[in-house]
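Comments concern the structure below.
The values are calculated or read from the model by the stated rules, or taken from the named source; none is laboratory data. Given the structure is predicted, the values throughout are model-derived calculations rather than measurements. No Cβ is skipped: glycine too gets one built from the backbone with ideal geometry, and neighbour counts run over all protein chains shown. Accessible surface areas use protein heavy atoms only, side chains included; no ligands, DNA or RNA. Shrake-Rupley method; radii C 1.70, N 1.55, O 1.52, S 1.80 Å.
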Amino acid sequence: MSTTTDQPARTAEPPPQQDAVRTPGWVLAAKWGLIALTILGLAWASQLAIQNGSWLVVTVCAFVAMAVLVVYATRGLVPMKYLLPGLVLLLLFQMWPIVYTVGTAFTNYGDGHTLTKQEAIDAIQAQSVRPTPDSPRYAMSIAVPDGQPIETGELAMLLTTPPADVQDLEAEGVETSDQGNVAPDGTRLFVGTEQGLEPLPADGVELRGNGTVQTAPGYRVLNLLEANQRAQEVQSFAVPVGDAGAGIKAATTTQAFVGRPTVSYDPDTDTMTDLDGKVYVASEGNFVPQDGQGQALTAGWTENVGLANFATIFTDPSFRTGFGKIFLWNLAFPLITVVSTFVLGMLLAMLFNDPRLKGKSIYRSVMVLPYALPIFVTGIIWASMFNQQFGLINNVTGLNVDWLGDPWAARAALIITNLWLGFPYMFLICTGALQSIPQDVKEAAAVDGAGPVRTTWSVIMPLLLVAVGPLLVASYAFNFNNFTLVYLVTGGGPFDSSNSLVGNTDLLINFAYRLALESGQPNIGLASAVSIVIFLLVGVISYIGFSQSQALEEVN
């Protein structure tokens, strides 16, 4: 007997498809809005960079804008959608400072060497402009174009001259015919920029009683306080006039004179010559007297010096001695700091980890209070407490230690202050590590006959170091560059009478800061070279430290 099984009837229609998940409209709107804002922001940054001639910044902005469009305007590249912001920030705030510092370390960039060579030549000639006998004068107002910031806008001189002085101006080659720049009383109006002198349309211009311009369409006239804030720029600002190298410079806050440069530049010989015939030749970023007698001209320029800055660090006798002393202290300070704060923090953590102790939460909260205070406040307070005459420490203990004037006492003051600041951090991480050690390990050690000291030394300490070892290396690297503490407590001092550049408590980072900004002749190129040496040292020390911490992991 045959049996049959009823089969469901098949149809030619495809099974119904599940509705695809559609992105809500507001999400798409927010996405494209953020992309548009990012592109607009980059376009704005590019516009500012173009105005300042920073084509590298323009290129970076264009690259980032293209990357944003490619990554976020398409459906693919999902991992990159998460990585791109981090990569951009990494390049801007990590890689670019490193690249810039390395590039600066091979130059003489610093005080008097911040310009290009052509800018230095122009500055020297502008600063050498002197009035000639009977040279004409203008009534002057300093202004910036409307819409530009007062602090950084392009400077312009709004100049006026009465009809009686017109002939003197014509003698200097200035066009004085009426070009719409003649006021009703015959006063000629001009606007002077770095490009030259041009007529200032008289319509809408208001003059003061002393003949200076009070208001002019298209310009924002600076008041005396605003002009004084840009006094240095005004003094070096010169408006070229005529074909004989003459220029208009500010004489007072309301007057300008027509003068001529007293120094000329010969591009064929790359020399500058003053009115007395003294020749200056280019040497190491300056124009120096050819005969070796006298001072170099004021403005210098940035140029590549190769390895000269690094050679100065390791070969200059006075610099090498100071650098060596700072380097040894820089090795000792973080080591003493890490050991002392770790030992104190660990002992306190062990004490407050005892199950028999009541109110541990309160004690632990009190222990971390120094860690919660800003280092700026703590550093200044400790500096005042170390004052020899009025400080709390000498008054309470009855000592008469010159904490901030004696080299070794100052070093001890730094270590004591950093112990106060650093032990709460070690207390926290040791507390966490101790709580993670299984209780049965300690019980097994007790069963084997180990006492408390033996258990701590042979069981707890190895397991503790496995957990906190990398943090100790990081703490050493942090204190290797603990600029703030030294700056606030001792300022790097005390200083030897024979060398005011090298302090007895200076770390290398403080030394680099003093070279770059606080010395009589800041040398940012040399400070950058010191920073690179610090970078390499920290890298080597960190590598060794992490290699040792990997050995500790074998204990586990």
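Points to keep in mind about this one:
- Average accessible area per residue (Å²) across the chain - probe 1.4 Å, nucleic acids and ligands excluded: 58 Å²
- Most to least packed among 140-148, 163-171 [average Cβ atoms within 10 Å]: 140-148, 163-171
- Relative contact order for the range 315-554, counting Cα pairs under 8 Å that sit 6 or more residues apart, in percent: 25 percent
- Burial order of peptide ranges 86-99, 60-73 (average beta-carbon count within 10 Å, highest first): 60-73, 86-99
- Counting every pair of alpha carbons in the range 413-556, the share spaced more than 22 Å apart comes to 56 percent.
- Highest average packing first - 529-537, 416-424, 199-207, Cβ atoms within 10 Å: 416-424, 529-537, 199-207
- Alpha-carbon centroid distance for the pair the range 450-467 / the range 287-331, whole angstrom: 52 Å
- Computed over protein heavy atoms with a 1.4 Å probe, the carbon and sulfur contribution to the accessible area of the chain reaches 62%.
- The Rg/Rh ratio for the chain is 1.14, where Rg is the radius of gyration of the alpha carbons and Rh is the Kirkwood radius.
- Acute angle (nearest 10 degrees) that the helix 55-72 long axis makes with the longest principal axis of the chain, alpha-carbon atoms: 50 degrees
- More than 31 angstrom apart: percent of Cα pairs within the range 315-554: 35 percent
- Residues with amide H under 5 Å from that of residue 207, placed H, sequence gap 5 or more: 214
- Once the Cα atoms are used to define both axes, helix 375-385 deviates from the longest principal axis of the chain by about 90 degrees.
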